[in-house]
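To start, the structure under review is shown below, and the notes come after it.
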Ligand SMILES: Cc1ncc(COP(=O)(O)O)c(C=O)c1O
């Protein structure tokens, strides 16, 4: 069993992807073109937004959301320290300052009750992460943003299709950022990402940013970047978009079994009442995490540690002046968290092998 098996198993999908390659070879449209245009339309419809803008990675998607909303030098953006480095890195790279708030001990999401205390006259935005496929607590975040005049950028890199109160993530804030990195629920065969938004103004600005600020070839309005998506990635994503609901349902089924069998024995991530998780990862919390991981490996069950060092303790963010103990919940979660194998490629036999393995090592 692999922790994540990224082979294309569905033979029908494999044929569809081969057709994308053949068509790309035939047409020689390698960047932009019909696959990209169609994927943007279909993805926007699937997320439930006016616009989706394809970009080269999830990191670019996050950066361009903030950039298009005018966030830069001297601004502060409130976010979580328990996430992948890209979330806060892009804030710093735009000349703004990430301001961390601690996470909820049960959901591991940014603690909405801690946001207001972190607001200063420089705060411009809140950047929640829909962690491990589960939506962050969006209603209170949106309300705080409304009261204080802040923008909301959703990091939806891990949560394609997750739903909060009837809305898909990426359609709730001002902007959503998706990653299609190969390990993600909806994945390309390389690097890719997308920005989602209801605002044509934001979408149009992202289109300029990702294309050197050009509004037509060789006419640049401001310095931007090359952040475009390859046609092959868009073609692959377009084909996979037809399967994503089925794949997410399988993840939910597996999570249901894990939750039923394991939650009486060990702490598992709580998903909010109004939320549907798409279980990018299924995570447990245990004080002897490292022992559990090693013994699971001996049982043939690969498990992975996620975010062993919260961002406020990473060297990359040392200029912010945070110290150990500043965000005790995030620190504790990162010491105890272990992700179990999860993915639509798992059959029932594998799922129960994981369950039996975890039960066995927990008994010791
Ligand atoms: C929460 C989160 N944000 C941002 C990213 C960045 O996405 P990418 O690797 O596509 O740049 C990732 C994934 O790697 C992620 O998990």
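Each value in this text was obtained by applying a stated rule to the coordinates, not by laboratory testing. Keep in mind that this is a model prediction, so the values were computed, not measured. No Cβ is skipped: glycine too gets one built from the backbone with ideal geometry, and neighbour counts run over all protein chains shown.
In percent, how large is the relative contact order of the chain, given Cα pairs closer than 8 Å and 6 or more residues apart?
Computed over the chain, the figure is 22 percent.
Restricting to region 32-145, what percent of DSSP beta bridges are antiparallel, rounded to 5?
For region 32-145, the DSSP antiparallel bridge percentage is about 10.
Expressed in whole Å with the largest first, what are the equivalent ellipsoid semi-axes of the chain derived from the C-alpha gyration tensor as the square root of 5 times each eigenvalue?
The equivalent ellipsoid of the chain has semi-axes of 32, 28, 17 Å.
Considering only C-alpha atoms, what is the centroid distance from region 62-77 to region 211-242, in Å?
20
Report D for region 1-153 in µm² per second (integer): Stokes-Einstein, Kirkwood Rh on Cα pairs, 10 °C, 1.306 mPa s.
It comes out at roughly 88 µm²/s.
Between 314, 60, 109, find the one with the highest GNM mean-square fluctuation for the chain; connect C-alpha pairs within less than 10 Å.
314
Using just the helices of the chain, give the 222 nm mean residue ellipticity in deg cm²/dmol: DSSP H runs with n ≥ 4 each add -39,500 (n - 2.57), and the total is spread over all residues, rounded to 500.
The per-residue figure over the chain is -12000 deg cm²/dmol.
If R₀ is 51 angstrom, what is the calculated FRET efficiency for the pair residue 216 and residue 266, using the beta carbon separation as r and rounding to 0.05?
Values: r = 58 Å, r/R0 = 1.13.
The formula returns an efficiency of 0.30 here.
Can you compute the FRET efficiency between residue 27 and residue 291 using 1/(1 + (r/R0)^6), with r the Cβ-Cβ distance and R0 = 35 Å? Round to the nearest 0.05. Working shown, then result.
Details: r = 55 Å, r/R0 = 1.56.
It comes out at approximately 0.05.
Could you give the C-alpha radius of gyration of region 111-220 expressed as a fraction of 2.2 N^0.38 Å, taking N as the number of residues it contains?
With N residues counted in region 111-220, Rg over 2.2 N^0.38 Å equals 1.18.
Bin width 10 Å, origin at 0, all Cα-Cα pairs of region 244-363: what percent of pairs per bin?
So the P(r) values, bin by bin, are 13, 40, 30, 15, 2.
Tell me the Rg and the Dmax, in Å, that the Cα atoms of region 294-364 produce.
16.4, 48
Taking 8 Å as the Cα distance limit and 6 or more residues as the minimum spacing, I'd like the relative contact order of region 176-257 as a percentage.
The normalised contact order for region 176-257 reaches 25 percent.
Pull up the DSSP beta bridges for the chain and report the antiparallel fraction as a percent, rounded to 5.
Details: 25 of 39 bridges.
Counting only bridges with both partners in the chain, antiparallel ones make up about 65 percent.
Gaussian network model of the chain, Cα springs within a sub-10 Å range: biggest mean-square fluctuation belongs to which of 322, 306, 258?
Of 322, 306, 258, the most mobile in the Gaussian network model is 322.
What length, rounded to one decimal in nm, is gained on full extension from residue 50 through to residue 318, with 0.36 nm per residue of separation minus their alpha-carbon distance?
On the way: separation 268, 0.36 × 268 = 96.48 nm, distance 3.87 nm.
Additional length available on full extension: 92.6 nm.
For the peptides 152-163, 217-228, what is the packing order when you average, over each peptide's residues, the other Cβ atoms within 10 Å and list the highest mean first?
Going from most to least packed, we get 152-163, 217-228.
Using a Gaussian network model of the chain whose springs link C-alpha atoms within less than 10 Å, name the residue from 308, 135, 264 with the highest mean-square fluctuation.
264
Can you give me the C-alpha center-to-center distance between region 249-284 and region 28-51, rounded to a whole angstrom?
First find each Cα centre; the distance between them is then 31 Å.
How do the peptides 124-130, 242-248 rank, highest first, by the average count of neighbouring beta carbon atoms within 10 Å per residue? Numbers along the way, then the final one.
On the way: 124-130: 26.1, 242-248: 15.9.
Packing proxy ranking, top to bottom: 124-130, 242-248.
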